[in-house]
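Okay, so here's the structure we're looking at.
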Amino acid sequence: MADLPTHTTVFEILTRQPAKDVGRSKSVCKQWYALLSTQDFVRIHCSRSVVSSNQRVLLIDDLTCSVRPIISNNNDYGPSSIVTFPFHHQNNDVSILSHLNGLLCVCLNRTYELLLWNPTTTAFKRLSTPDSHGFYINNLDAIGLYVDADDDYKVLHIKRRSGVLGVYVYSREVDSWRNIPFITRQEYLSPHFNWSAGTFCGGTLYFTVCECWIGGTNVVICFDVNSEQFKEISFPPVPSNGMVQGVLVNVKNVLHMFASTGMFEMTIDLWTLQGDYWIKVLSCPPIPPISLSLWEVVYN
């Protein structure tokens, strides 16, 4: 053991420790601080943390913000622990827009600012700049959080304003925003389409894009995070004679969609993406619309 290099010892032990313990270990010495701050350490720690026993759920309501462990064997929650916002805002002033590996992209509803926030370590980073980057407008913009091939955590901001349309990428490594082209149908950037939050899966960010009226166009927009190219794939073949909504979920790095359709009674089907095509996995019987809204909150 004495002959093992410090780098190996730290990686093999601390990449298996809880995030709070890793944060405390950064204060041991400058060498440890530098090592535990590298993208390689973050990547390996995240990959070793993605097990059922480490899963948590963050609950925000008007009074409290808390974290509760998920008990996988009975689909229940464990005891909660209160989380204090480090950016001095009330609970109902914060909206969670995207999440990845325990890192959240949130919006402060009063100032419209975007932040990256780690609830475990309480660290956060404001993404707003004096030249108007990093400000989010609900029902107009879309956000996706992802990591590229260089292990750089990035935020994709699809920004829709009156007469101004654009797509921007924030890099945590270089701490700056830049504009990228949106090479697909420009009509999807109009306010007539509702964009979901981005779901990161297999090197791609996926968004559902649905026209606001019954019988409108419904598509899935894919953003390759390494080539930074957009492409369009079809929505699952669901009836379009009523309300259509799709909720994307990454399950073990395979993209799934809960697609709901109907008017007075809603039908939900579970689909999985294979290549560029959707395969139906499960069908549920029709349920009332009020039950659908509650059901979607649980799985979203």
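The values are calculated or read from the model by the stated rules, or taken from the named source; none is laboratory data. What you see is a predicted model, and the numbers here were worked out from it, not measured in a lab. All Cβ positions, even for glycine, are placed from backbone atoms using ideal geometry, and neighbour counts span all protein chains on display. Remember, those area values only see protein heavy atoms, side chains included, never the ligands or the DNA or RNA. Shrake-Rupley method; radii C 1.70, N 1.55, O 1.52, S 1.80 Å.
R172 satisfies every condition listed in (1) in contact with a helix residue (DSSP H, G or I) (Cβ under 8 Å, 6 or more places away or on another chain); (2) of a type in the set (K, R); (3) open to solvent by 10 Å² or more (accessible area, probe 1.4 Å) except (1).
Being under 24 Å from I96 (Cβ atoms) and surrounded by fewer than 13 Cβ atoms within 10 Å (Cβ to Cβ) is the filter here, so list the residues in the stretch 199-256 that pass it. It would help to see each step written out before you state the result.
Taking the stretch 199-256 and keeping what is under 24 Å from I96 (Cβ atoms), we get 199-210, 212, 220-223, 225, 245-256.
Within the stretch 199-256, G202, C212, V251, K252, N253, V254 meet the criteria.
Would you pick out the residues in the stretch 117-154 that are in contact with a Cys (Cβ under 7 Å, 6 or more places away or on another chain) and open to solvent by less than 10 Å² (accessible area, probe 1.4 Å)? Spell out the reasoning first.
So the first thing to find is which residues in the stretch 117-154 are in contact with a Cys (Cβ under 7 Å, 6 or more places away or on another chain), and the list is 136, 143, 145.
Answer for the stretch 117-154, where residues must be in contact with a Cys (Cβ under 7 Å, 6 or more places away or on another chain) and open to solvent by less than 10 Å² (accessible area, probe 1.4 Å): I143, L145.
Contact map, the stretch 231-242: first residue touching a residue at least 24 places away in the same chain (Cβ under 8 Å) and among the small types (G, A, S), second residue open to solvent by 60 Å² or more (accessible area, probe 1.4 Å) and part of a loop (DSSP other than H, G, I, E, B), Cβ cut-off under 7 Å, separation 6 or more or different chains; pairs are G242/I214; G242/M263.
Going by the structure shown, is C222 outside any loop (DSSP other than H, G, I, E, B) and within 20 Å of F264 (Cα to Cα)? The answer is no for C222. The residues of the stretch 257-294 that are at pLDDT 80 or above and open to solvent by 80 Å² or more (accessible area, probe 1.4 Å), listed by number, are Q274, Y277, K280, V281, L282. Only one entry of L205, L165 meets the criterion of being more than 25 Å from V251 (Cα to Cα) and in a strand (DSSP E or B), and that entry is L165. Residues in the stretch 13-26 that are closer than 14 Å to T121 by Cβ, charged (D, E, K, R) and either at pLDDT 75 or above or touching a helix residue (DSSP H, G or I) at 6+ places or on another chain (Cβ under 8 Å) (or both): D21, R24, K26.
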